[in-house]
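The values are calculated or read from the model by the stated rules, or taken from the named source; none is laboratory data. Computed from a predicted structure; not experimentally measured. Cβ sites come from the backbone with ideal geometry, for glycine too, and all protein chains shown count toward neighbours.
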Amino acid sequence: MSSFHSVSMTINGPAPIILAMFMNTAIHQQVEKFVGKNGRQPRQEEYESIKAYTLQTVRGTVQADILKEDQGQNTCIFSTEFALKMMGDIQQYFIDQKVRNYYSVSISGYHIAEAGANPISTFDGRRKANPDR
């Protein structure tokens, strides 16, 4: 895997699924390289090493901005609570797997501002409109 390649996606709603597919594809590609070089499938410990190396070196960004979807475009496919939990779970996975060069959240303030709010008024307005949130 080259450290010079980076993949960025602007996909929001389906981001977690596409991100998982992307990471698994990167791992699969590295396993295929191993097979081509060694003429055999990797043993379990070799596979784990390939997986760890791949996750630690993959580079890119995914725009998984639930605030933009909810506030700026009103196009959420998941509830805000579920989407934020999923984002937190992805961050925890990245921490656990030492994924350091891939950014799983890119906040798009442009769309929220375009909808007429700045970040402070967005959160304050949501709290007043939905005090239970």
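The residue pairs whose first member lies in segment 49-62 and is surrounded by fewer than 19 Cβ atoms within 10 Å (Cβ to Cβ), whose second member is assigned to a strand (DSSP E or B) and not hydrophobic (A, V, I, L, M, F, W, C), and whose beta carbons are closer than 8 Å, counting only pairs six or more residues apart or on different chains, are 59/102; 60/8; 60/102; 60/103; 61/8; 61/102; 61/103. Residues of segment 11-33 that are more than 13 Å from residue 52 (Cα to Cα) and among the polar types (S, T, N, Q): 12, 25, 29. Only one of the numbered conditions (1) assigned to a helix (DSSP H, G or I); (2) more than 12 Å from the chain's Cα centre (by Cα); (3) at pLDDT 90 or above is not met by residue 124, and that is (3). At pLDDT 65 or above and farther than 23 Å from residue 6 by Cα: is that true of residue 40 in this structure? Against the criterion (at pLDDT 65 or above and farther than 23 Å from residue 6 by Cα), residue 40 qualifies. Just to be sure before I move on: is residue 98 surrounded by fewer than 13 Cβ atoms within 10 Å (Cβ to Cβ), among the charged types (D, E, K, R) and modelled with pLDDT under 65 in the structure I sent? Spelling it out, it is not the case that residue 98 is surrounded by fewer than 13 Cβ atoms within 10 Å (Cβ to Cβ), among the charged types (D, E, K, R) and modelled with pLDDT under 65.
Output the residues belonging to segment 11-34 that are among the β-branched types (Val, Ile, Thr), in a helix (DSSP H, G or I) and in contact (Cβ under 8 Å) with a residue 40 or more places away in the chain. 18 - this is the single residue of segment 11-34 that is among the β-branched types (Val, Ile, Thr), in a helix (DSSP H, G or I) and in contact (Cβ under 8 Å) with a residue 40 or more places away in the chain. Every test in (1) farther than 30 Å from residue 116 by Cα; (2) at pLDDT below 85; (3) of a type in the set (Phe, Trp, Tyr) is passed by residue 82 save one, and that test is (1).
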